[in-house]
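Heads up, the thing below is written out as structure tokens.
All of the numbers you see were taken from the coordinates with simple rules; none came from a lab. None of these values were measured; they are calculated from a predicted model. Note that we place each Cβ from the backbone using ideal geometry, even for glycine, and neighbour counts take in every protein chain shown.
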Amino acid sequence: MVFHVDANAFYCSCEQLFRPDLIGRPIAVLSNNDWFIIALNQECKNLGFKRGDPISSSRAAIEKNGVAVFSSNYTLYADISARLNLFYENYSPEIEIYSIDETFLYFPYWPDTDYTEIGRDLFNKAKRNIGIPVSVGIAPNKTLAKLCNKLAKKQGGVCEWQKIDQVETLKKYPVADVWGIGKAKTEFLHKKGIFSAYDLKNFPLPEAKKHLTINGFNTVQELNGIVAIEKSESAQREMILCSRSFKGDVKRIEDIISALSEFTQEAVKRLRDENLMCNYVSVYLKSDPYQGNKSPYKSKYCVKMFETTDYLDDIQKAALSILKQLFREGYIYRKVGIMLSGLENKKGRQIELYSNVAEQRKKENLMAVYDKINNKYGRGTIRLAVSDICGKSDEWKTRRDFLSPEYTTNIKDLPKVY
């Protein structure tokens, strides 16, 4: 049996967690640089706001309706997500993290087991123990569990496939809302007269495989109660990319160096967190596409490292060397980014014939201390000085005018009780 657990309006729920005064109020969370609404709770939706609404044209309506607005606080969201998944492991040792707010839990088939009662217990304790409301869909496979989760949001938080009118439910469920059926497939299916999940369930399998690829073929099987989409095994990623658009006009190479240094440190952190090393370092640079009559400038270059590495200083030297080749005077720049590729697992890595083993050991020991200090005292406690020395301006930094405290990861942001 599969449980699909979804944290409701997750970003907004995280913001509300330490702000009880926000209960019942509309909440909106913004994209990087506070440009668009990317998440909103039901109270905000009821006022007519939608994902993708630009903050510039929505400001008057936001103020009029008392909407609480927040910049994206990904540090807080990631930490609360980790707490939820640790909590889910109390129910099932076999879980699959699908996204920051969605998780699949796998249970063996136990005869005479009341799965709805298990789901109800999880629903209640997630809210009580973690403070985040969730909905739970329960079914024999992942597609039906996702479908049941959508129904659960309107049925008290828990829905089990075996305890509902399955035929009537599928007839009322739009095919566009079925997991794995995107916009292009929906348009094709509508032309075929398929508008509901029930219609899709009865779509001939050979036709499904021909027109909907293997993924659509599996979806049709799952709507018929067959387990066709297995648990995903975590695969090693192929590359790590870190970039952000600048909040203002950036013209000086020193400011771009400062930005690139920050992004490089973040990329290497992800690399080391996943016990990986890289062979290639790429940097790309993009100018503002709207600079009067001047044609926009964008360029990218990649270098191969002398040997596979996760050593921050070596990777940053390579990145900054590329940047100096890419930079052109006279442009207003909007974005810089770094990509690490040719990734290998550190365990079992083949050492180069001419590698200086003693030097490698020194680098690894240094990075271990670097990681330990930053993990204990917070990201950025120690970092490469170039990110502070070069940049005089903060125009490259992400605009976060409505950022909430990092309540759970920064001791300075702990709530005070009087």
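Quick notes on this structure:
- For the chain, built as a Gaussian network whose Cα springs stay under 10 Å, the top-fluctuating residue of Pro93, Pro111, Pro289: Pro111
- Computed over the chain with a Gaussian network model linking Cα atoms closer than 10 Å, the most mobile of Ala358, Ala61, Ala78 is Ala358.
- When the Cα gyration tensor is reduced to axis lengths a ≥ b ≥ c, the ratio a/c is 1.5 or higher for the range 239-389, and with a/b above b/c it is classed as prolate.
- GNM top mover of Asn141, Asn73, Asn279 - the chain, alpha-carbon springs below 10 Å: Asn279
- Extending 7 Å from the Cα toward the beta-carbon at both Thr409 and Gln166 defines two label points whose distance is 4.2 nm.
- In a simple Cβ point-charge model (Lys, Arg +1; Asp, Glu -1; nothing else charged), the chain has a dipole of about 1040 debye relative to its Cα centre.
- Relative to the longest principal axis of the Cα atoms of the chain, the long axis of helix 357-377 makes an angle of roughly 60 degrees.
- Ranking Phe195, Gly119, Gly330 by Cα position along the charge dipole of the chain, where only Lys, Arg, Asp and Glu carry charges on their C-beta atoms, puts Gly330 farthest toward the positive end.
- Cα long-axis angle, helix 312-326 against the chain (0 to 90 degrees, to the nearest 10): 80 degrees
- Relative contact order for the chain, counting Cα pairs under 8 Å that sit 6 or more residues apart, in percent: 16 percent
- Cross-link table Lys304/Lys324; Lys153/Lys192; Lys251/Lys412; Lys142/Lys209, entries beyond 24 Å C-alpha to C-alpha: Lys153/Lys192; Lys251/Lys412
- Once C-alpha pairs closer than 8 Å and six or more residues apart are averaged by separation and normalised to the residue number of the range 239-389, the relative contact order reads 36 percent.
- FRET efficiency, 1/(1 + (r/R0)^6) with R0 60 Å, evaluated for Gln155 and Val417 via beta carbons: 0.95
- Sequence ranges 252-265, 365-378, 314-327, ranked by mean other-Cβ count within 10 angstrom, highest first: 252-265, 314-327, 365-378
- Only Lys, Arg, Asp and Glu carry charge here, each on its Cβ (+1 for the first two, -1 for the last two); on that basis the range 239-389 has a dipole of about 320 debye about its Cα centre.
- Ile382/Arg120 FRET efficiency (R0 45 Å; Cβ-Cβ; nearest 0.05): 0.45
- Burial ranking of peptide ranges 182-191, 3-12 (average Cβ count within 10 Å, highest at the top): 3-12, 182-191
- Dipole of the range 76-223, positive end: most advanced residue of Ser135, Pro206, Phe87 [Cβ charges, Cα centre]: Pro206
- Placing +1 on each Lys and Arg Cβ and -1 on each Asp and Glu Cβ, with no other charges, gives the range 76-223 a dipole about its Cα centre of roughly 600 debye.
- Among [x] 0.98; [y] 1.14; [z] 0.94, the entry derived from the coordinates for Cα Rg over 2.2 N^0.38 Å: [y]
- Modelled FRET efficiency - R0 25 Å, Asn129 with Arg270, Cβ distances, 0.05 increments: 0.30
- Projecting the Cα atoms of Ser295, Asn218, Ala7 onto the charge dipole of the chain (Cβ charges, centred on the Cα centre) puts Ser295 farthest toward the positive pole.
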